[in-house]
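Have a look at the structure below, then the notes.
The values are calculated or read from the model by the stated rules, or taken from the named source; none is laboratory data. Computed from a prediction, not measured in an experiment: that's the story for all the values here. Don't worry about glycine lacking a Cβ; one is built from the backbone with ideal geometry, like all the others, and counts go over all protein chains shown. Heavy atoms of the whole protein, side chains included, go into the accessibility calculation; ligands, DNA and RNA do not. Shrake-Rupley method; radii C 1.70, N 1.55, O 1.52, S 1.80 Å.
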Amino acid sequence: MLTGVRTVFVGGDARQIEVIRKCAEMDASVMIAGFEKLQDSFQGVTRETLSTELMADADALILPVVGCDDEGRVSALFSEGPLRLQEDHIAAMPKHGVVYTGMAKPYLRSLCDKYNIKLVEIFERDDVAIYNSIPTAEGALMMAIQNTDFTIHGSTSMVLGMGRTGFTMARSLQGLGANVMMGVRKSEHYARAEEMGWKPFLIKDLGTHVAGIDLLFNTIPTMIVTAQIISKMPREAVIIDLASAPGGCDFRYAEKRGIKAMLAPGLPGIVAPKTAGIIIANALVELISEEIKIRGDAK
């Protein structure tokens, strides 16, 4: 239980609704800012305005999946106006306060460092990232189906990056009968991909493997699908970039060449916000409970 824990939610999308609901059910004291347009009425939840006074007693500040940009702007789907996390908000937090977000930008990291406020990035946890890869893969498959005139079954589908999302993506494609090619950087990933029945190749050799592909799913957040690579791809191919914005694809050149290329970050919040929210909520409750225990043991 989170009885007595003061949690402040600032901004977010439909995923955050599930997190708010879970914290309220766990008997936390829940305050939300940037939810003016949200129709749901939560039992035991109070609506507030973002202010230093609100932050002064916050045991936990819960921000959206991408906490804020490098100017402090917070994504807030249900807010009536812009929402900005400022330096004085973090400065006002008690020293035992913790900031929770999915992924933090340098702006948020620097503020937390400056005022010695603990920052926890939930998506750094393997379990959360693995669970989150499931709706990501489902959303990517949905996009592929909507933007092609052929079946995934029998297609030649390439996945770049054998991380948590890449692995789930490749396995999902394989389950639908695609011929899966997997671009890797490590020898152990090459071996695992081969053991899984995929056709592995080294990323450095990407240009020699794209000539006959139908679909390309990128999970690597650096410029990897360059103009040179795209020039060797069939015009009918479709690129779905799952990496964090700005992605790893030269979208300008893809458009110029007539190849359909889409940046698709944040798919879990779009295609399955309830499931994605529950994944975050369960992890958050566990993290806050651990923080309470650490604080109690230190007394």
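If the condition is being open to solvent by 70 Å² or more (accessible area, probe 1.4 Å) and touching a helix residue (DSSP H, G or I) at 6+ places or on another chain (Cβ under 8 Å), then region 279-299 contributes only Asn282.
Here Thr219 meets each of (1) touching a residue at least 12 places away in the same chain (Cβ under 8 Å); (2) in contact with a strand residue (DSSP E or B) (Cβ under 9 Å, 6 or more places away or on another chain); (3) open to solvent by 60 Å² or more (accessible area, probe 1.4 Å) with one exception, condition (3). When Val65, Val98 are screened for being touching a residue at least 60 places away in the same chain (Cβ under 8 Å), more than 27 Å from Ala272 (Cα to Cα) and either outside the structural domain of Ile239 (by the TED database) or touching a strand residue (DSSP E or B) at 6+ places or on another chain (Cβ under 9 Å) (or both), only Val98 passes.
Here are some residues: Ser133, Ser155. Which one is touching a Lys or Arg at 6+ places or on another chain (Cβ under 7 Å), buried (at least 19 other Cβ atoms within 10 Å of the Cβ) and over 17 Å from Leu263 (Cβ atoms)?
Checking each option against the conditions leaves just Ser133.
Residues considered: Gly197, Gly183. Of these, the only one that is under 15 Å from Thr156 (Cβ atoms), open to solvent by 30 Å² or more (accessible area, probe 1.4 Å), touching a helix residue (DSSP H, G or I) at 6+ places or on another chain (Cβ under 9 Å) and not charged (D, E, K, R) is Gly197. Is it true that some residue in region 245-254 is modelled with pLDDT under 95 and either in contact with a helix residue (DSSP H, G or I) (Cβ under 7 Å, 6 or more places away or on another chain) or open to solvent by 20 Å² or more (accessible area, probe 1.4 Å) (or both)? Yes, region 245-254 contains at least one residue that is modelled with pLDDT under 95 and either in contact with a helix residue (DSSP H, G or I) (Cβ under 7 Å, 6 or more places away or on another chain) or open to solvent by 20 Å² or more (accessible area, probe 1.4 Å) (or both). Residue check: Ser110 meets all listed conditions (1) under 28 Å from Ala243 (Cβ atoms); (2) over 19 Å from the mean Cα position of the chain (by Cα); (3) open to solvent by less than 80 Å² (accessible area, probe 1.4 Å); (4) touching a residue at least 12 places away in the same chain (Cβ under 8 Å) but one, namely (4).
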